[in-house]
Structures are given as structure tokens and as C-alpha cells.
Amino acid sequence: MAEFKPNTKGLFIKTYGCQMNVYDSERMRDVLKPLGYSPVDSPEAADLVVLNTCHIREKATEKVFSELGRLRDLKRETGGNLRIAVAGCVAQAEGEEIMRREPAVDMVVGPQSYHRLPEMIARLSRKTGDVLETDFAAEEKFDALPKTREVDGVSAFLSAQEGCDKFCTFCVVPYTRGAEFSRGVDAIVEEARELARQGVKEIVLIGQNVNAWHGQAPAHDARAVEWRLGDLIRHIARIGGVERIRYTTSHPRDMADDLIDAHRDVEQLAPFLHLPVQSGSDRILKAMNRQHTAADYLRIVERVRAARPDIAFASDFIVGFPGESDADFEATLQLVRDVGFAQAFSFKYSPRPGTPAAGMQLQVDERIKDERLACLQSLLNEQAQAINDASIGRRMKVLFSRAARRDGQALGYSPYMQSVHVDNGAHMTGRMAEIEVIGATMTSLRGRLVTAAAEATA
Ligand code: SAH
Ligand code: SF4
Ligand code: F3S
């Protein structure tokens, strides 16, 4: 009997950058599935390679061009059969330049147009029409994406908001992702239900400024005409099976009362807040166009802590923004001491083409940036270590997302986003369980399962 061989093609997507790109890569898989594409483990096994790129700092962009060099060689080895697509923020910002510099690239598609990939592939086969799509069509994109999502794992990103109108003077995102756009309540809730149905226990609402999300309240809510993120979180918390909710990334300007209240009221909302501040100097914050002061930020921290005393804070920092003096940098260190961060991402300022800060006078010397970064990171590391050390002896619920490399170990996350591993816990993968913390490093906790009986309930 002849064996039935479905016409499957290998798809390899390499993802750079932020959580938005992680989500987009998953959705590109969903978009390409009806065409017969299924994921493979390496570019060598693929018929189509997609680089989902990031433009945020110079280094991120450089990585793309060096990866494209490797793919060009691979394409030659396959006799030209491999197809190469560049997606994401570099595609948006430098699409034409990529096509010119790297003829091996077959398609360029921006973050708001990847729902058009099937048409683009068809045009490529026919050798007619455009293979560069960089329109800003967020609404059309979400309408066009398949309703079903295939996820594996217990935690999933759900895009609630896209783009940014804030125009911080150092940042390319408003240019690469387009204007702020909030998805409608129904679409988000439907996607959350679908995820819960597939066994997802943790939903992470994502957006470039996710706390700027707003939407028309459903008819059943007589209380309000417009919902903010806090309302959406309360609603999602009522979906059966959703045991933990997180959201990222937030802007201090949009930290509204309803969201702070949700931290007090909603049991499933994780006590963790990633709230980038960038600098502790008012002068620099102003030059960055962040539209708040250091004192404003500290007040928000205080209000959130009043609502949820055990909350853990995370942040992003930039050192060496143009004009940053020793005193400005000291103000950043002082803010860090005042808050006490559980986690942080810190970067050297990287001038980006087309952004106002790139043209500012008084660019800071690379050596000074290095020194400041090392100094800031050592303070942030001390704080992370102290917070993890203070967890020893505490009990907390951990969502075990995967088995670790070491035999029998399970790996998961605490409510405070600390990574936790336990020995002899491989059977816990996919479940929420109570642990006692028995060890701590700067980046992770070691735990022991408290009782088998605690496993099932959240
Ligand atoms: N929307 C988020 C952050 C998006 S970009 C917010 O407003 O906070 C993620 C982080 O990259 C930023 O918080 C910032 O710390 C860093 N970043 C952005 N542009 C940068 C640049 N030109 N140089 C160095 N770091 C940058
Ligand atoms: Fe970039 Fe500022 Fe928008 Fe964040 S708020 S994405 S840092 S412009
Ligand atoms: Fe990078 Fe684009 Fe995200 S520039 S950080 S991938 S929005």
C-alpha cells in the first residue's frame, strides 16, 4: 500500500528582541500552518527560515546581518531552494536596505503585516508582486490571524496592546511598531479562553505599553463605558483554569488606580511589576521625554506597595544617555537604593538612526558608559541576591513550566518571577505546587516540594 505523505515543509523561526516578537513568532507559525509548514529544529532542516528581528540597540541589528550572511551560504548549499524571510523591527526600519544589501533575502515583512505571509509566499512562487510588506495594519492583522492558537506549555503570552505613541527620545519602537493600538475586549477574552482550554494556567498580557490598554466595556458592565487594564485583568481572572496573570511592559505614566487596586484585589494577579524607569535624574528623564520625574516614580512604587506589600519590582535602565553627568548617574543609583529591585535590565545608551537623542550634543564616552554600567549592575545584583536570600525558608506557589537539563529537576517560576528549581520534581511539569525555598543565588531559588496534596489546587 502506498504510504500517504502529507506535503509538509520545514519552518525555522529565529526570534530576537522582546516579548512582542516571541508572540509574533508563535502567530507566524499559526499563519503558515495551513500552507503545510511545521516547525523544525534547525535552519538546515528548513524550507523557510524567518528571522524575527529587533532594532532596539545597534548590537541587536548587527546580529541580524551576520546571521543573514550564514543563511546566504546555507541557501547556496541547498541550490537556492531555501527561502529566507526577515520579519520584525529591523524589517520595518530597514526593509529596503536589507533587500539591497542581501539578495539572498526573499521576503521582508514588518510586525504589523505578517498576516500577509501566505500571499507573499504565493507571489514569490509566481515571481510576481511585492515581497516587501511594511504597512501599519495592526487592526487588520489581529482580525486576519487564525482564531486557534497552538501552544505547548502552561504559560502563554497574549498580545493586548501594540505600538507606542510616547516617543522617548532614545527609542525606535514608535517607528518600528507604529501607533498605540488596543485590541478589543472580546478578541482578548476569546483568546484567553482558547488558551485556558488548551491547558494554559498562566496568561501574560503583553504590549509595548500594556498598561495603556483601554477598551470599550462589554454591555453587561453597567458600571463603566470604558475598561482599563485593571478591569480586563479582573475579567480574565474569572476564566476557569487561569491560575496566574501577569502583564508586561508598563509605563509609569499609565500606572492608573484601577490597575494598582487589581494588585490588591485579584488573587491570581502575580505580585510582580516590571516598570521601566531608565534614569533617576529629572534632567535626564526630561531629555528622554519620559514625562515623569524620579519622585513621581517613587510615589507610584509607594502606592503599589500599599496595595500589595510583598510586590517585587523590576525595571529597565539606560546609562550614558547624552549629557548624563556623574551627578545624574548618582541620582539613578539613589533611585535604585530607594526602591530595591528584584530584577533589572540595564543597557548602555545606543544611538539609533532617526531618533532625536542620536543627534544630541554631549554623547557620553564609551569607557564611561562601561564604568557606569558595571557600577549599576553590581548594585542591582546585590539587591537581587538580597531579595532571593530573604526568600529562604518561605513557602510559595511555583508554576512548573518545564523539566530542567539535570535529571529529575523541575523548573518553574515563583509569583515574584524568580526562577525556581526542585530536585526529583520532573513529574510536576505543567503544574502549580507549593514549595519551601531552601537555597538562593542571584538569579534563582532552590526549593523543595512541600506536600503532594498541595499540587492540584492553585
Ligand atoms: N516600552 C517599554 C520598553 C521598550 S524597549 C518602556 O517604555 O519602558 C526595552 C528597553 O530597551 C527600554 O526600557 C530601554 O531601557 C532599552 N532601550 C530602548 N532604546 C534604547 C537605546 N537606544 N539604547 C539603549 N537602551 C535602549
Ligand atoms: Fe520606547 Fe518610550 Fe515607547 Fe517604551 S514608552 S516603547 S521606551 S518610546
Ligand atoms: Fe526590539 Fe522591536 Fe521589541 S525593536 S525590543 S523587537 S518592539
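Taken together, the values in this text are just the output of simple stated rules run on the coordinates, not laboratory data. Quick caveat, the model's predicted, so the values are computed rather than measured. Neighbour counts are summed over all protein chains in view; Cβ atoms, including those assigned to glycine, are modelled from backbone coordinates with ideal geometry.
Annotations
- In order along region 320-325, the phi-based Karplus estimate (6.51 cos²θ - 1.76 cosθ + 1.60, θ = phi - 60°) of 3J(HN,Hα) comes to x, 4, x, x, 5, 9 Hz; Gly and Pro are listed as x.
- No disulfide-compatible partner, judged by a Cβ distance under 4.7 Å, exists for the following cysteines of the chain: CYS18, CYS54, CYS89, CYS164, CYS375.
- Taking a straight line from the alpha carbon of LYS14, these lysines sit under 26 Å away, with near neighbours fewer than eight places off in the same chain left out: LYS33, LYS59, LYS63, LYS75, LYS127, LYS141, LYS147, LYS201, LYS348.
- Rounded to 5, the percent of DSSP beta bridges in the chain classed as antiparallel: 35 percent
- Inter-part distance, region 37-64 to region 259-275, computed on C-alpha centroids, equals 34 Å.
- Extended-chain gain in nm, criterion 0.36 nm per residue less alpha-carbon gap, CYS375 and ARG299: 24.8 nm
- Relative exposure of LYS147, LYS33, LYS166, judged by other C-beta atoms within 10 Å (fewest first): LYS147, LYS33, LYS166
- Region 364-409: trypsin sites (Lys or Arg not before Pro) in DSSP loop, at most 16 other beta carbons within 10 Å: ARG394, ARG405, ARG406
- For the pair GLU434 and ASP365, label points projected 7 Å from Cα toward Cβ lie 5.7 nm apart.
- Remark: spin-label model distance GLN385-ASP310 equals 2.5 nm, labels positioned 7 Å along the Cα→Cβ axis.
- Once both labels are positioned 7 Å from their Cα atoms along Cα-to-Cβ, the gap between THR443 and ARG394 label points is 2.1 nm.
- For region 148-270, relative contact order (Cα pairs under 8 Å, six or more residues apart, normalised by length) works out to 26 percent.
- Whole-number Å³ per residue for the convex hull built on Cα positions in the chain: 179 Å³
- Taking a ≥ b ≥ c as the square roots of the eigenvalues of the Cα gyration tensor, region 9-139 is classed as rounded, since a/c falls below 1.5.
- Evaluated with a Cβ-only charge set (Lys, Arg +1; Asp, Glu -1), region 250-392 carries a dipole of roughly 320 debye about its Cα centre, given to the nearest 20.
- Calculated from backbone phi, Karplus (6.51, -1.76, 1.60) coupling profile of region 387-401 in Hz, x at Gly/Pro: 5, 5, 4, 5, 7, 4, x, 7, 9, 8, 8, 10, 9, 7, 9
- Our estimate of slack between GLU140 and SER42, defined as 0.36 nm per intervening residue step minus the Cα-Cα distance, is 32.1 nm.
- Length-normalised contact order of the chain in % [C-alpha pairs under 8 Å, at least 6 apart]: 9 percent
- In order along region 42-51, phi translates into HN-Hα couplings of 8, x, 4, 8, 9, 9, 9, 10, 10, 9 Hz, rounded to whole numbers, per the Karplus curve 6.51 cos²θ - 1.76 cosθ + 1.60 with θ = phi - 60° and x for Gly and Pro.
- Gain in span if fully extended, VAL151 to ALA187, counting 0.36 nm per residue against the direct Cα distance: 11.2 nm
- Each of ILE318, ILE387 was scored by other Cβ atoms within 10 Å of its Cβ. Listed from fewest to most, they are ILE387, ILE318.
- Expressed to the nearest 5 percent, the antiparallel share of DSSP beta bridges inside region 148-270 is 30 percent.
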